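Student: Shown below is the structure under consideration.
The values are calculated or read from the model by the stated rules, or taken from the named source; none is laboratory data. Since the model is a prediction, treat every value here as computed from it, not as a measurement. Note that we place each Cβ from the backbone using ideal geometry, even for glycine, and neighbour counts take in every protein chain shown. Heads up: the accessible areas ignore ligands, DNA and RNA and are worked out on the full protein's heavy atoms, side chains in. Shrake-Rupley method; radii C 1.70, N 1.55, O 1.52, S 1.80 Å.
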Number of protein chains: 2
Amino acid sequence: MINQRLFQRQFQCCRLMATLGVNAAKFAMFAAICLQFSVAEAAKSRDGYGLWLDYQPITNTREREGYIKALSPWQVEGEAATADFIRQELTAALGAMLGVEAGPVGDYTHNSLAHPVARLLVATPEESAVIRSLALGDALTRVGQEGYLIKTTRYRDKPITIVTANTHAGLLYGTFKLLQLLQTGQAVSNLAIESAPATKLRVLNHWDNLDRYVERGYAGESIWNWHKLPHYKSQRYYDYARANASIGINGVVLNNVNADPLILTPQYLVKVKALADIFRPYGIKVYLSVKFSSPNLIGGLPTSDPLDKNVQAWWQAKANEIYSLIPDFGGFLVKANSEGQPGPGDFGRSHAQGANMLADALAPHGGNVMWRAFVYNVEANVERSKQAYNEFKPLDGTFRQNVLVQVKNGPIDFQPREPFSPLFGAMPKTPLMMEFQITQEYLGFSTHLVYLGPLYEEVLKADTYAKGAGSTVAKVVDGSLYGHGITGMAGVANIGSDRNWTGHIFGQANWYVFGQLAWNPEVSTKQIADDWIRMTLTRDDKAVNTIRAMMMASRETAVNYMTPLGLHHIMGWGHHYGPAPWIGEQKPDWMREDWTSVYYHSANATGLGKDRTASGSNVIAQYHAPLRQAYSDPKTTPTELLLWFHHLPWHYELANGNSLWHELVARYYLGAQAVAEMAKTWDGLEANIPPQLFKQVQMALAIQTQEAAWWRDACVLYFQSYSKQSLPEGFAKPKHSLEYYKGLSFPHAPGDGR
Amino acid sequence: MINQRLFQRQFQCCRLMATLGVNAAKFAMFAAICLQFSVAEAAKSRDGYGLWLDYQPITNTREREGYIKALSPWQVEGEAATADFIRQELTAALGAMLGVEAGPVGDYTHNSLAHPVARLLVATPEESAVIRSLALGDALTRVGQEGYLIKTTRYRDKPITIVTANTHAGLLYGTFKLLQLLQTGQAVSNLAIESAPATKLRVLNHWDNLDRYVERGYAGESIWNWHKLPHYKSQRYYDYARANASIGINGVVLNNVNADPLILTPQYLVKVKALADIFRPYGIKVYLSVKFSSPNLIGGLPTSDPLDKNVQAWWQAKANEIYSLIPDFGGFLVKANSEGQPGPGDFGRSHAQGANMLADALAPHGGNVMWRAFVYNVEANVERSKQAYNEFKPLDGTFRQNVLVQVKNGPIDFQPREPFSPLFGAMPKTPLMMEFQITQEYLGFSTHLVYLGPLYEEVLKADTYAKGAGSTVAKVVDGSLYGHGITGMAGVANIGSDRNWTGHIFGQANWYVFGQLAWNPEVSTKQIADDWIRMTLTRDDKAVNTIRAMMMASRETAVNYMTPLGLHHIMGWGHHYGPAPWIGEQKPDWMREDWTSVYYHSANATGLGKDRTASGSNVIAQYHAPLRQAYSDPKTTPTELLLWFHHLPWHYELANGNSLWHELVARYYLGAQAVAEMAKTWDGLEANIPPQLFKQVQMALAIQTQEAAWWRDACVLYFQSYSKQSLPEGFAKPKHSLEYYKGLSFPHAPGDGR
């Protein structure tokens, strides 16, 4: 329908023009009308597929002319596939934003001179005599393998803007950075940008099964159509790679960490190769999640013991097979001895012995192993949040050089709020890879507007005190604290086949902010939000400020209506949809205690919260001083984490003078209220947002408003059954009874593990 | 990316225009250039989402001017939602194709006069004084409730084209018909079209589960996002309804016939209502598949016995509940006592007793029951193809007035070729609804180009001889043979969340032809193909002819490389992907004999084929004379059905002089060869097809070429193991061994029942 409309307008332009009277004023006016039509019609056609790369025309003439003056004509030197892609991108972007034609392309040899009138030149020194002729000092040395340089300088006494780098990947990132400056309305007349990524592996983890079911996926089925691969190459694969490249993501784990061993069979490896070939020009490497018992399951070996020679030989042969198809294959991601997955523990071996065996198979090819620390199987009697630390800290220093241990940001499991995992800062000899969750398993699926930037920032800026004050998690992850050569950040993708990629338009912001932070963990997520809004929704300053404020508050709002004051893991059973603090009240024998809600909130007649101090599970001992001391006392524990570390009486008085019960209730109502206000605020932005995007968010906010109230009412009623206290003054009574909420069931809620 | 490009061009137009010199010639030329750009850019952006409604500009000036003269300005009278939709459609369609603006709208009252300059008027007599003032005779009486009239006449001494009907649905269908004339380049200067649908219920059956898994779905997951309904109303729901309306489909069964009882719970009925409200203005009613044991499963009753008063009361209450939400709810589709589904048989009751109970619950509200005849459970000892007839024929005349018995086109199960089901013509007192399969469960999923028009046409034109020669299946289905008041045709949808709706662009043609045949079973599917190609792919006559020839031959080609000479049901186990004639050679005890391939092809050392004559299962007795006699003798049995009715010696000589073995091999090779040629032919059409559509089909044809050869080689090798004969002269030896083909496994092939 989209193109018809654009088309209709264009067609009318042309018919009218052909029949119009001949005077310049008329035509200028007519041109302006055409443009207005175009802008309006194109806005109507925007459905979210274009993400933050749906380049819009810059309608401010002065601004546009300034960009044209500085950047047009442009050219890209080089013959590589990546150079071709950069040409396409500049053609589309500068064409759409500025209305400029592509510069002369494709007629360069490695040593030719650039077109003399070029104002923008994108090239590596190796491929450009012009770049080589410029005095760039050691800037290119500083930006390294993936970094870039964007510089306004002079060539043959003419001003020129260059985007240069040591690799094509660097050019790619630099180009997208330059385009971002235009998209966000920044000046480009005097640029001197030097940028290099803080982490080496910036990877999306897709929890996608081979039947296209996405575990914890809320945006439709997997975008990988394994059945039609390798022959059928969906356009979406290219658009996905482009989007990742635009935010510096350079790796993709294609399949679920709960891995199907078939992914390593020849039948599937040719499909993996097809995707790897598509992604390569975008600077993206392919990784696979592997099942540790593959040698037995598909290799026909009697064991998968990592110390067994035949097992080792099987993995080596498999690695050789993979690299013969995919020379730049990234490596393996492994979930072992966790939630029923097989692992070295099944054979009495350690995680290090398991990881190192795989590392040895990959090392000759330059591949890496990303070994997850998310384990809580072994010490069933030990409190869950302690187990990863207990199991991995002793292994520090025993992993191969090409192994990263991938640690979830929190000790439990991607909760709305947790303290950072004490493993960060506990394994100085081991590169620790951050694992964030982008998909909102515990944060409202794809119907809640929750900007995760502040959550990520809170974790990265947290101080571990591992080497004294300033030993932030960010410095652990980017390797600067211990000087690791290999570093990485992983994000569990929120991407599916939904037309808008993430189900919720604002889910795109979480994909975006993950990429930006993996490149630079120090940057402000407020600034990232601002950029994303301008690139995706609107460039109206007032609207941008309103939306940015909404985004920045949204995570705290979700914490308030779901799990305030350090509560955690009280979501619906299995699918984690909606509130269910009552799970475990009557626990069937098969149910693990640490899968229940009551295990985590520990509500009883006297109070609420999980005691993780010395009098309890003593998790605080896993943190460095002075955190250990601070967390040991509720008075010095941040209010936001209070019930995560302490079991406190219902009448416990908080800093603000409220009792625990009063504050708990107040925060639930505050959270639900804030969502209702978000919805109202959004309604006021209709004029500024492309209609389809506006409507999508509006419908989602209606659901979020309803579900926030559901969370509030169910949790307040449930905890009230323990506190035995009435609602404080001024809080309206829930509509339904606790029994009503307990009775709700959602057998087909999406994303459940299976 | 799409709109950026269009946009870029448009933007350039405008900038250039504003700066161009002022002389008319230049501008006219410039207008032409704009148009060329637009056409090219818009073509690039076409990805298949627009189906046959992706209105393209008519570039032939004479033709375009003719249409404009005849139809512009246009207007639609009436205030209903449907009238508004018709206005939108005409605005988009005539804007895109002709570049004309919308006529004045929204300022009519029921008795006002139409705008005097209108050249096209769309309205019911009830809502238009102009229509009432015209002498239309009893034409409107003839076209009935859903039919329409398109007429060139005169009003106030001026020529006027009218689209009129007794209902808004009729207007909708008439409008799309008129637009189709423009899309296919036909004259509109002197129209006199009267059209009414041959069948009353023209229904798509979605085999969609509530978790979005589509049984036998090959175009991605279900388009129904049950989790986000009722609040989140995807744009796709509207576009889906529009597409159906454009081909006269007026009913949709939302969920799988293997029904989840939860669909009838209040939690889901509000979601069903949301879809019904969206579909209503498009003339589409919603139906539900129901599980016969719902009273027990969700009603908490001890039984679901249709003769139990409480069960009857439960269904009546449920019907009342549904109609209170959805006043125009269509009714129930039921799969009972088939493939493990519960049914009246579980309580010793007949299909009629079960169907009538539901019919009685729906009757007060005007709802219908569509009761499937696809059963083969009861008489396990009786050959499967006979059972539906045995079970249903005796019930003829015992069903309520609002019950239709829905019969699959063939006695087995949607095979590439079967004889028509003998039930057609065996139940004169019962309205029999045709059930075609649009999704290609047995015909290559969504990667094989197989136009199903000829298959449908073959069945509909088949003569049952029930009342002597000329008693075609079409006449049974459209009610004309026995004068039934209620009639219908169902198609099992091939629609999923894939951007192009059906996975394969040519799958769209199967959706299209089903709708056209449900409206008029007598129309030529060759003409329908021609229209679809012009509306979807190209209007270049030479290309149209080439593609049409390809489509018309494609089904016979599939029969040849899959199941020539009447072979059937030798596909892969469960998922039905690829060849597996060996299934059942070693039959596990749990496997039903009539689920195996060997049951159907009955290959042995002496020969091949299933004996269904008197010497065998005697299915031929279920057919009327003279078919019964013809099928009893291989010499008078159509070669295409030979092995469906007869077990013949390998050396049996066919009419063309070939032995059975020779002909079998020849047809497999012919089929595979024809696919390879299709692929070559398609490559030659690149200049005529929008690039994305061209590439999609090209990739699919590469897969089909490979899989056709796989079918050929696997089947020839397998049957050779029985015929013990070498390949005839001139047929290349298969690349792999029979063991290789037997060893292939596809655990994640899509669409498997589960």
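Student: So what's the angle, to the nearest 10 degrees on a 0 to 90 scale, between helix B:660-683 and the longest Cα principal axis of chain B?
Tutor: 20
Student: Kindly sort A:Leu94, B:Leu738 by accessible area of their heavy atoms, largest first, with the probe set to 1.4 Å.
Tutor: B:Leu738, A:Leu94
Student: Find the sum over both chains of the accessible area lost when A and B are paired, probe 1.4 Å, and report it in Å² to the nearest 100.
Tutor: That pair hides around 7000 Å² of surface in total.
Student: Over the range A:136-200, what is the relative contact order in whole percent, taking alpha-carbon pairs under 8 Å and six or more residues apart?
Tutor: Normalised by residue count, the contact order of the range A:136-200 is 38 percent.
Student: If amide hydrogens are placed 1.01 Å from N in the peptide plane, which non-local residues have theirs closer than 5 Å to the one on A:Gly488?
Tutor: A:Lys200, A:Leu201, A:Met434
Student: Mind putting a number on the dipole of the protein assembly as shown about its Cα centre? Charges go on the C-beta only, +1 for Lys and Arg and -1 for Asp and Glu, and I need it in Debye to the nearest 20.
Tutor: In debye, rounded to 20, the protein assembly as shown gives about 2260.
Student: What's the percent breakdown of Cα-Cα distances in the range A:201-536 across 10 Å bins, shortest bin first?
Tutor: That works out to 6, 27, 36, 25, 6, 0, in percent per bin.
Student: Still on this model: Using the Cα centre of chain B as the reference point, and only Cβ charges (+1 on K/R, -1 on D/E), how large is the resulting charge dipole? Debye, rounded to the nearest 20.
Tutor: 1160
Student: Under 20 Å from the Cα of A:Lys228, which lysines turn up, not counting those fewer than eight places away in the same chain?
Tutor: Straight-distance partners of A:Lys228: A:Lys271, A:Lys273, B:Lys695.
Student: Report the calculated FRET efficiency for B:His651 and B:Lys158 (r = Cβ-Cβ distance, R0 = 56 Å), to the nearest 0.05.
Tutor: E between B:His651 and B:Lys158, to the nearest 0.05, is 0.15.
Student: Another question about this same structure. Averaged across orientations, what area in nm² does the convex hull of the alpha carbons in the protein assembly as shown project? Don't skip to the answer; put the middle values down first.
Tutor: Values: hull surface 233.9 nm².
For the protein assembly as shown, the mean projected area of the Cα convex hull comes to 58.5 nm².
Student: Could you state the per residue volume, in Å³, of the convex hull enclosing the Cα atoms of the range B:592-744? Walk me through the numbers on the way to the answer.
Tutor: On the way: hull volume 27.3 nm³, N = 153.
In the range B:592-744, the Cα hull volume divided by residue count equals 178 Å³.
Student: Still on this model: Would you work out the relative contact order for the range A:672-754, in percent, from Cα pairs under 8 angstrom that are 6 or more residues apart?
Tutor: Answer for the range A:672-754 is 28 percent.
Student: Still on this model: Taking the Cα centre of each part, how many Å lie between the range B:679-731 and the range A:723-744?
Tutor: Value for the Cα centre distance between the two parts: 65 Å.
Student: Mind checking the per residue accessible area of the protein assembly as shown for me, 1.4 Å probe, whole number of Å²? Intermediate values should be presented prior to the final figure.
Tutor: Working: 50080 Å² over 1508 residues.
Spelled out: the 1.4 Å probe surface of the protein assembly as shown, per residue, equals 33 Å².
Student: Using the Kirkwood formula over every pair of different C-alpha atoms, what hydrodynamic radius in Å results for the range A:359-418?
Tutor: It works out to 13.0 Å.
Student: Using amide H atoms built 1.01 Å from N in the peptide plane, name the residues 5+ places from A:Val100, or on other chains, whose amide H lies under 5 Å from its own.
Tutor: Sorted by chain and number, the residues that satisfy this are A:Gly95.
Student: Which of the peptides A:399-408, A:631-640 is most tightly packed, and how do the rest follow, judged by the mean count of other Cβ atoms within 10 Å per residue?
Tutor: Order by mean packing, descending: A:399-408, A:631-640.
Student: Decide, for the range B:657-754, between rounded, prolate and oblate: order the square roots of the alpha carbon gyration tensor eigenvalues as a ≥ b ≥ c, take rounded if a/c falls under 1.5, and otherwise choose prolate if a/b is larger than b/c, else oblate.
Tutor: Oblate is the answer for the range B:657-754, as a/c is 1.5 or above yet b/c matches or exceeds a/b.
Student: Here's something else I'd like to know. Apply the Karplus parameterisation 6.51 cos²θ - 1.76 cosθ + 1.60, with θ equal to phi minus 60°, to every residue of the range B:725-735 and state each ³J(HN,Hα) to the nearest whole Hz, in sequence, with x for glycine and proline.
Tutor: 10, 6, 5, x, 3, x, 10, 4, 6, x, 5
Student: Let me ask another. Apply the a/c threshold of 1.5 to the C-alpha gyration tensor of the range A:229-274 and tell me whether it is rounded, prolate or oblate.
Tutor: Cα axes put the range A:229-274 in the oblate bin.
Student: Rounded to the nearest Å, what's the spacing between the alpha carbon centres of the range B:349-375 and the range B:564-581? Just the number, please.
Tutor: 33
Student: Of A:Val143, A:Thr161, A:Asn190, which is farthest on the positive side of the dipole of the range A:52-195, counting Cα position, with +1 on Lys and Arg Cβ, -1 on Asp and Glu Cβ, and the Cα centre as origin?
Tutor: Highest projection toward the positive end goes to A:Asn190.
Student: Measure nothing fancy, just the Cα-based angle from helix B:691-723's long axis to the longest principal axis of chain B, in degrees from 0 to 90, nearest 10.
Tutor: 10
Student: OK, next. To the nearest Å, what is the center-to-center distance of the range A:272-298 and the range B:120-180, using C-alpha atoms only?
Tutor: Between the Cα centre of the range A:272-298 and that of the range B:120-180, the gap is 61 Å.
Student: Report the full-extension gain for the segment B:Arg142 to B:Glu339: residue separation times 0.36 nm, less the Cα-Cα distance, to one decimal in nm.
Tutor: 66.6 nm
Student: Also, quick follow-up: Counting only Cα atoms, I'd like the Rg/Rh figure for the range A:395-536, Kirkwood definition for Rh.
Tutor: 0.99
Student: Are there GluC sites (Glu not before Pro) in the range B:437-540 that DSSP puts in a loop and that have at most 13 other Cβ atoms within 10 Å, and which ones?
Tutor: B:Glu522
Student: Still on this model: Which residues' amide hydrogens lie under 5 Å from the amide hydrogen of A:Gln406, considering only partners 5 or more residues apart or on another chain, with H built in the peptide plane?
Tutor: So A:Gln406 has HN proximity to A:Trp371, A:Arg372, A:Ala373, A:Met433.
Student: In degrees between 0 and 90, to the nearest 10, how far off the longest principal axis of chain B does helix B:541-562 point, with axes built from Cα atoms?
Tutor: Tilt relative to chain B: about 20 degrees.
Student: Any number yet on Rg/Rh for the range A:209-328, C-alpha, Kirkwood? Don't skip to the answer; put the middle values down first.
Tutor: Numbers: Rg = 15.2 Å, Rh = 15.3 Å.
When Rh is taken as the Kirkwood radius, the ratio is 0.99.
Student: When a/c is below 1.5 the answer is rounded, else prolate if a/b is larger than b/c, else oblate, so apply that to the range B:52-195 with a ≥ b ≥ c taken from the square roots of the Cα gyration tensor eigenvalues.
Tutor: Rounded, because the longest to shortest axis ratio a/c is under 1.5.
Student: Taking all protein chains together and a probe of 1.4 Å, list A:Trp74, A:Trp573 from the most accessible to the least accessible.
Tutor: A:Trp573, A:Trp74
Student: So what's the net charge close to B:Thr487: Lys and Arg +1, Asp and Glu -1, counting the other residues with Cβ under 11 Å from its Cβ?
Tutor: Result for the neighbourhood of B:Thr487: +2.
Student: Which trypsin sites (Lys or Arg not before Pro) does the range B:411-486 hold that lie in a coil by DSSP with at most 12 other beta carbons within 10 Å?
Tutor: B:Lys429
Student: Here's a follow-up. Using each residue's phi in the range A:301-313, evaluate 6.51 cos²θ - 1.76 cosθ + 1.60 at θ = phi - 60° and report the 3J(HN,Hα) Karplus result to the nearest Hz, with x for Gly and Pro.
Tutor: 7, x, 9, 10, 4, x, 8, 7, 4, 5, 5, 4, 5
Student: Another question, then. As an exercise, identify the chymotrypsin sites (Phe, Trp or Tyr not before Pro) in the range A:635-721 lying in DSSP coil whose Cβ has no more than 16 other Cβ atoms within 10 Å.
Tutor: none
Student: In nm, one decimal, shortest first: how far is the label point of A:Asn545 (7 Å from Cα along Cα to beta carbon) from the matching points in the other copies?
Tutor: 6.8
Student: Label point 7 Å out from B:Gln527 along Cα-to-Cβ: which residues of the range B:154-182 have amide N under 19 Å?
Tutor: Residues B:173-182 fall inside that zone.
Student: For a quick check of understanding: with a 1.4 angstrom probe and all protein chains in place, what accessible area in square angstrom does B:Glu593 have, to the nearest ten?
Tutor: 110
Student: Roughly how many nanometres apart are two label points built 7 Å out from the Cα toward the Cβ at B:Lys542 and A:Ala469?
Tutor: So the two model labels end up 8.2 nm from each other.
Student: Under 19 Å from the Cα of A:Lys393, which lysines turn up, not counting those fewer than eight places away in the same chain?
Tutor: A:Lys335, A:Lys408, A:Lys429, A:Lys467, A:Lys475
Student: How well do other chains shield peptide A:217-228, expressed as the mean number of their Cβ atoms within 10 Å of each residue Cβ? Let's see the in-between values first.
Tutor: Numbers: counts 0, 2, 0, 6, 7, 2, 0, 0, 5, 3, 13, 11.
Across A:217-228, the average partner-chain Cβ count within 10 Å equals 4.
Student: For the protein assembly as shown, give me the percentage of DSSP beta bridges that are antiparallel, rounded to the nearest 5 percent.
Tutor: 30
Student: Using just the helices of chain A, give the 222 nm mean residue ellipticity in deg cm²/dmol: DSSP H runs with n ≥ 4 each add -39,500 (n - 2.57), and the total is spread over all residues, rounded to 500.
Tutor: So the calculated ellipticity at 222 nm is -12500 deg cm²/dmol.
Student: A further question on this structure: How many nm is it between the label spots at A:Asp683 and A:Val270, if each spot is 7 Å from the Cα in line with the beta carbon?
Tutor: 5.7
Student: What does the convex hull of the alpha-carbon atoms of chain A project to on average, in nm²? Mind dumping the intermediate values first?
Tutor: On the way: hull surface 141.0 nm².
Over every viewing direction, the Cα hull of chain A projects on average to 35.3 nm².
Student: Same structure, new question: Residue by residue through the range A:396-412, which ³J(HN,Hα) values in whole Hz follow from phi under the Karplus form 6.51 cos²θ - 1.76 cosθ + 1.60 (θ = phi - 60°), with glycine and proline marked x?
Tutor: Here the 3J(HN,Hα) series is 4, x, 9, 8, 5, 4, 9, 10, 10, 8, 9, 10, 5, 4, x, x, 9 Hz.
Student: Identify all lysines with a Cα-Cα distance to A:Lys158 below 26 Å; exclude those on the same chain that are fewer than 8 residues away in sequence.
Tutor: Of all the lysines, those that pass the test against A:Lys158 - Cα under 26 Å, at least 8 places apart if same chain - are A:Lys69, A:Lys177.
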